[in-house]
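Everything below concerns the one structure shown next.
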Ligand code: SAM
Ligand code: SF4
């Protein structure tokens, strides 16, 4: 038994949101006052998450990314990682974090064989960082970057390219990859911010970001990546690290998509742009067996839309919810 959709795409990657809460208030992700967080009992418990991952891993999911909200905001997040690390069907356990709370956990993460940490960092300037995140924690996050770089974890830095805000730092981020063995990834901004599409004077999409970079670095070369990768990767010759661009909004990567998502409240999503397909939490709390779960997962991925545009068209509501509730 495996998870395959009607277009023949094999599903092997789960993005699981551990919480909808966050310690930052990034402007592109949520409003200043934050989002209406759900009561704690509506969040999946760690036991439920562990079980969902186990059942999915028996259907061929071998890679899990834990995200949120901010995963390290949830109490005892390390306990979840410990239990998942016993699942030998998983080849990779990865985490996406804002890095403000994790410096003390890095050696623990190494000992649990966590593979990749995606660190969100949108500015290398303290004041601008505070303006974007609405919190003054640049120093902590930068300290995390240095500590991660010195660890045996693979490090990716995610920078959301925000027109009129941080595009003048794109090359500074590439310079980070000169001496650091990291992958910097530029992400197209999407309207998942709690309000919907913001007014943008200049659209910074994949092509514009790439041309901007090529203007500065005519010697950019592309780097081969896995077919299912969300980013197209590049390198400046002689630089230690790499950089990539994620066409999150122009959605040119859907053909090779191998991902599903489960939100912090247990909503199953076949696509980032769909509105949620069914609630796994309620199904479990109503007494579903492992077999019931497996059958439901197999049936549900059949409805995976061909691409993010079709998913968006089929929604009943506009794309405007916060990434923090979806799990980025
Ligand atoms: N709090 C963690 C963090 O910031 O890394 C994990 C959750 S966050 C929602 C996951 C990723 O989604 C981050 O890299 C963040 O930059 C990205 N993200 C959030 N809102 C976005 C938006 N509107 N457009 C593009 N990326 C977004
Ligand atoms: Fe929090 Fe991450 Fe959203 Fe920023 S992007 S508000 S850190 S969930």
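Computed values, structure above
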| item | result |
| --- | --- |
| Test: residue 123 is within 30 Å of residue 250 (Cα to Cα) and within 16 Å of ligand 2 (Cβ to nearest atom) | yes |
| Test: residue in the stretch 220-238 that is assigned to a loop (DSSP other than H, G, I, E, B), at pLDDT 95 or above, within 26 Å of residue 66 (Cα to Cα) and more than 16 Å from ligand 2 (Cβ to nearest atom) | no |
| Checklist (1) at pLDDT below 95; (2) not in a helix (DSSP H, G or I) applied to residue 288, failing item | (1) |
| Residue 193 being part of a loop (DSSP other than H, G, I, E, B), over 29 Å from residue 308 (Cβ atoms) and touching a helix residue (DSSP H, G or I) at 6+ places or on another chain (Cβ under 8 Å) | no |
| The lone exception for residue 277 - which of (1) under 22 Å from residue 310 (Cα atoms); (2) without any contact (Cβ under 8 Å) to a residue 40 or more places away in the chain; (3) out of contact with any helix residue (DSSP H, G or I) (no Cβ under 9 Å at 6 or more places or on another chain) it fails | (3) |
| Condition broken by residue 249, with the remaining ones in (1) modelled with pLDDT of 95 or more; (2) crowded, with 17+ Cβ neighbours inside 10 Å; (3) part of a loop (DSSP other than H, G, I, E, B) satisfied | (1) |
| Listing of strands (runs of 3 or more DSSP E) fully contained in the stretch 46-138 that carry 1 or more residues being under 19 Å from the mean Cα position of the chain (by Cα) and farther than 27 Å from residue 169 by Cα | 63-67, 92-97 |
| Filter result for residue 202 (away from ligand 1 (no atom under 15 Å from the Cβ), farther than 19 Å from residue 129 by Cα, under 18 Å from the mean Cα position of the chain (by Cα) and not in a helix (DSSP H, G or I)) | no |
| Odd one out for residue 325, checked against (1) buried (at least 16 other Cβ atoms within 10 Å of the Cβ); (2) modelled with pLDDT under 95; (3) away from ligand 2 (no atom under 16 Å from the Cβ) | (3) |
| Condition broken by residue 50, with the remaining ones in (1) crowded, with 19+ Cβ neighbours inside 10 Å; (2) in contact with a helix residue (DSSP H, G or I) (Cβ under 6 Å, 6 or more places away or on another chain) satisfied | (1) |
| Looking only at the stretch 113-122, and only at residues there that are more than 10 Å from ligand 1 (Cβ to nearest atom) and surrounded by 15 or more Cβ atoms within 10 Å (Cβ to Cβ), the one that is nearest to residue 40 (Cα to Cα) | 114 |
| The stretch 140-167, residues that are assigned to a helix (DSSP H, G or I), within 12 Å of ligand 1 (Cβ to nearest atom) and farther than 14 Å from residue 129 by Cα | 144 |
| Residue check, residue 296 touching a helix residue (DSSP H, G or I) at 6+ places or on another chain (Cβ under 8 Å) and away from ligand 2 (no atom under 16 Å from the Cβ) | yes |
| Filter result (in contact with a helix residue (DSSP H, G or I) (Cβ under 6 Å, 6 or more places away or on another chain) and either within 16 Å of ligand 2 (Cβ to nearest atom) or closer than 17 Å to residue 19 by Cα (or both)) within the stretch 104-118 | 117 |
| Residue among 137, 157, 184, 73 that is more than 14 Å from ligand 2 (Cβ to nearest atom), at pLDDT 95 or above and surrounded by 14 or more Cβ atoms within 10 Å (Cβ to Cβ) | 184 |
| Residue that is nearest to residue 287 (Cα to Cα), among those in the stretch 1-43 that are away from ligand 1 (no atom under 16 Å from the Cβ) and in contact with a helix residue (DSSP H, G or I) (Cβ under 6 Å, 6 or more places away or on another chain) | 3 |
| Qualifying residue in the stretch 27-39 (condition: touching a strand residue (DSSP E or B) at 6+ places or on another chain (Cβ under 6 Å) and in a loop (DSSP other than H, G, I, E, B)) | yes |
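The values are calculated or read from the model by the stated rules, or taken from the named source; none is laboratory data. Note that the structure is a prediction, hence the values are computed from the model and not measured. Note that each Cβ is placed from the backbone with ideal geometry, even for glycine, and that neighbours are counted across all protein chains shown.
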